[in-house]
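**Student:** Shown below is the structure under consideration.
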Amino acid sequence: MKTLRLLLCAAVTLLLVPFARAESPSAAPDTKAPRARVKNLKVTVLSTMLAEDKVLGEWGFSALIEADGRKILFDTGYFPNTVLQNAKALGVDLSGVTDVILSHNHDDHTGGLVTLRRELSKQNPAALSRAHVAPGIFWSRPRKTGEGNPLLAFRAPYEAMGGTFIEHAGPVELAPGVWLTGPVPRANPEHNWSGKGQVQSPQGLVEDTIPEDQSLVIDTEQGLVVVTGCGHAGIINILEFARQQVRAAPIHAVIGGLHLFNADEQTLAWTGRRLRELKLGHLLGAHCTGIEAVFRLRELAGLQRRTCVVGAVGASFELGKGLDPVDIAR
């Protein structure tokens, strides 16, 4: 009987350990140990402002990451149906995607979550059933007009459809070589948020710096590929944190929003210089980066037309091939 009890305890432990690891942030990686690196990678933009015929543009962001056969959706756009319609128009199948990352609470990144879960689950019950978020994303954002955190309204219907939010307080390896940053420390004085909002934090009502802002880091032999939603934490803060937590490698590519559309020349000059120092290889500046900001960063970071483009719906980055900006952004 004692032996049976021991066997049962061991079985329960084996069942619980993977679940606990999925719920909790991984420890900082051991830089001395051999690490998995992604060999095949493609990132396709499914929501941003610039768009050609047959796809929809919007003030929002979403991208599909395909890494060594694993698919992850990063953000879900603004309007409920945009990502769903654009994926169909582009021939992109999202029904096999089980994991979605929400970079932060704003509705231009979370607006499609409920619709995508509802529609895709008709084909695959597990589709978009796990949403990865960071602490602070569910904090109340009180406004004169009412609640300013749109994700609070999306939470109940998403969970009612079987969706689960998984909170990460620090870096976590979602798949071999694919890392989620969790909240990013603000080591550099980048101020990539409006400064107008407030958030109900555990310390009381404070300025809303969007503390939950997180990015995805893919470790490849060519260097790190970083996908951002709005980059509210500051793109240099994000990249430095990625190099500290994942690997001190060159930044092979940055894809997504950098929230520099209203940046002054001094800010762009500093950002461009730091990107050059980090040996940035490719930039697909989508969403809130700003068209003029992309062109200035191209010059300041020492990039070229083929390695730095304004993001458009359907644009992609593929390891070994580089950027495919689609016709409108060439």
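The values are calculated or read from the model by the stated rules, or taken from the named source; none is laboratory data. A quick note: this is a predicted structure, and the numbers were derived from the prediction, not measured. Glycine gets a Cβ as well: all are built from the backbone with ideal geometry, and neighbour counts include every protein chain shown. Just the protein is used for accessible areas: all its heavy atoms, side chains included, with ligands, DNA and RNA removed. Shrake-Rupley method; radii C 1.70, N 1.55, O 1.52, S 1.80 Å.
**Student:** Scan the range 241-265 and report the pairs whose first residue is of a type in the set (Lys, Arg) and whose second residue is surrounded by 22 or more Cβ atoms within 10 Å (Cβ to Cβ), with Cβ atoms within less than 6 Å and a gap of 6+ or a chain change.
**Tutor:** 247/219
**Student:** Select from the range 131-179 the residues that are among the hydrophobic types (A, V, I, L, M, F, W, C) and in contact with a Pro (Cβ under 7 Å, 6 or more places away or on another chain) and write down the one among them that is farthest from residue 247 (Cα to Cα).
**Tutor:** The extreme case among them is 134.
**Student:** Of the residues that make up the range 320-329, is at least one without any contact (Cβ under 8 Å) to a residue 60 or more places away in the chain and either under 26 Å from residue 182 (Cα atoms) or of a type in the set (Val, Ile, Thr) (or both)?
**Tutor:** No, that holds for no residue.
**Student:** Right, next: Residue check, residue 192 against (1) touching a Cys at 6+ places or on another chain (Cβ under 8 Å); (2) open to solvent by 50 Å² or more (accessible area, probe 1.4 Å), all met but one. Which one?
**Tutor:** Of (1) touching a Cys at 6+ places or on another chain (Cβ under 8 Å); (2) open to solvent by 50 Å² or more (accessible area, probe 1.4 Å), only one is false for residue 192: (2).
**Student:** What are the residues in the range 315-328 that are open to solvent by 40 Å² or more (accessible area, probe 1.4 Å) and out of contact with any Ser or Thr (no Cβ under 7 Å at 6 or more places or on another chain), if any?
**Tutor:** 318, 320, 321, 327, 328
**Student:** Answer yes if at least one residue in the range 121-128 is of a type outside the set (Gly, Ala, Ser), touching a His at 6+ places or on another chain (Cβ under 8 Å), open to solvent by 20 Å² or more (accessible area, probe 1.4 Å) and at pLDDT 95 or above, and no otherwise.
**Tutor:** The answer is no, given that none of the residues of the range 121-128 is of a type outside the set (Gly, Ala, Ser), touching a His at 6+ places or on another chain (Cβ under 8 Å), open to solvent by 20 Å² or more (accessible area, probe 1.4 Å) and at pLDDT 95 or above.
**Student:** How many residues are surrounded by 22 or more Cβ atoms within 10 Å (Cβ to Cβ) and either among the charged types (D, E, K, R) or more than 18 Å from residue 216 (Cα to Cα) (or both) when one looks only at the range 129-157?
**Tutor:** 3
**Student:** Same structure again: In the range 73-169, which helices (runs of 4 or more DSSP H) lie fully inside it and hold 2 or more residues that are within 14 Å of the chain's Cα centre (by Cα)?
**Tutor:** Correct list: 107-110.
**Student:** Still on this structure, I have one more. Inspect the range 168-183 for any residue being surrounded by fewer than 16 Cβ atoms within 10 Å (Cβ to Cβ) and closer than 30 Å to residue 35 by Cα and give the result as yes or no.
**Tutor:** Scanning the range 168-183, I find at least one residue that is surrounded by fewer than 16 Cβ atoms within 10 Å (Cβ to Cβ) and closer than 30 Å to residue 35 by Cα, so the answer is yes.
**Student:** Continuing with this model, one more query. If I go through the range 291-301 residue by residue, how many of them are β-branched (Val, Ile, Thr) and open to solvent by 70 Å² or more (accessible area, probe 1.4 Å)?
**Tutor:** Adding up the residues that qualify gives 1.
**Student:** I've got another one for you. Taking the range 104-120 on its own, how many of its residues are open to solvent by 20 Å² or more (accessible area, probe 1.4 Å) and under 16 Å from residue 155 (Cα atoms)? Talk me through it step by step, then tell me what you get.
**Tutor:** Step one: list which residues in the range 104-120 are open to solvent by 20 Å² or more (accessible area, probe 1.4 Å), which gives 106-107, 114, 118-119.
Then drop every residue that is not under 16 Å from residue 155 (Cα atoms), which leaves 106-107, 114, 118.
Going through the range 104-120 one residue at a time, the tally reaches 4.
**Student:** Looking for something in contact with a strand residue (DSSP E or B) (Cβ under 6 Å, 6 or more places away or on another chain), open to solvent by 60 Å² or more (accessible area, probe 1.4 Å), at pLDDT 95 or above and among the acidic types (Asp, Glu) - is there at least one such residue anywhere in the range 68-81?
**Tutor:** Looking through the range 68-81, at least one residue is in contact with a strand residue (DSSP E or B) (Cβ under 6 Å, 6 or more places away or on another chain), open to solvent by 60 Å² or more (accessible area, probe 1.4 Å), at pLDDT 95 or above and among the acidic types (Asp, Glu).
**Student:** Going residue by residue through the range 270-286, is there one that turns out to be surrounded by fewer than 20 Cβ atoms within 10 Å (Cβ to Cβ) and among the hydroxyl-bearing types (Ser, Thr, Tyr)?
**Tutor:** no
Results for (1) surrounded by fewer than 24 Cβ atoms within 10 Å (Cβ to Cβ); (2) more than 30 Å from residue 82 (Cα to Cα), shown as yes or no for each residue.
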{"residue": "245", "(1), (2)": "yes, yes"}
{"residue": "255", "(1), (2)": "no, no"}
{"residue": "261", "(1), (2)": "yes, no"}
{"residue": "265", "(1), (2)": "yes, yes"}
{"residue": "303", "(1), (2)": "yes, yes"}
{"residue": "313", "(1), (2)": "no, no"}
{"residue": "330", "(1), (2)": "yes, no"}
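**Student:** Confirm whether residue 228 is closer than 15 Å to residue 134 by Cα and open to solvent by 10 Å² or more (accessible area, probe 1.4 Å).
**Tutor:** Numbers: closer than 15 Å to residue 134 by Cα: yes; open to solvent by 10 Å² or more (accessible area, probe 1.4 Å): no.
So residue 228 fails the test.
**Student:** Restricting attention to the range 82-103, which residues are over 15 Å from residue 121 (Cα atoms), open to solvent by 50 Å² or more (accessible area, probe 1.4 Å) and not hydrophobic (A, V, I, L, M, F, W, C)?
**Tutor:** Within the range 82-103, 85, 88, 91 meet the criteria.
**Student:** Every residue in the range 158-167 that is open to solvent by less than 70 Å² (accessible area, probe 1.4 Å) and farther than 15 Å from residue 102 by Cβ, please.
**Tutor:** Residues satisfying the conditions are 161, 162.
**Student:** I've got another one for you. State the number of residues belonging to the range 77-125 that are farther than 25 Å from residue 211 by Cβ and of a type in the set (Phe, Trp, Tyr).
**Tutor:** Qualifying residue count for the region: 1.
**Student:** Go over the candidates 185, 202 one by one and state the one that is within 21 Å of residue 102 (Cβ to Cβ) and without any contact (Cβ under 8 Å) to a residue 12 or more places away in the chain.
**Tutor:** Being within 21 Å of residue 102 (Cβ to Cβ) and without any contact (Cβ under 8 Å) to a residue 12 or more places away in the chain holds for just one of 185, 202, which is 202.
**Student:** Restricting attention to the range 271-291, which residues are more than 24 Å from residue 42 (Cα to Cα), in contact (Cβ under 8 Å) with a residue 12 or more places away in the chain and not basic (Lys, Arg)?
**Tutor:** Answer for the range 271-291, where residues must be more than 24 Å from residue 42 (Cα to Cα), in contact (Cβ under 8 Å) with a residue 12 or more places away in the chain and not basic (Lys, Arg): 271, 272.
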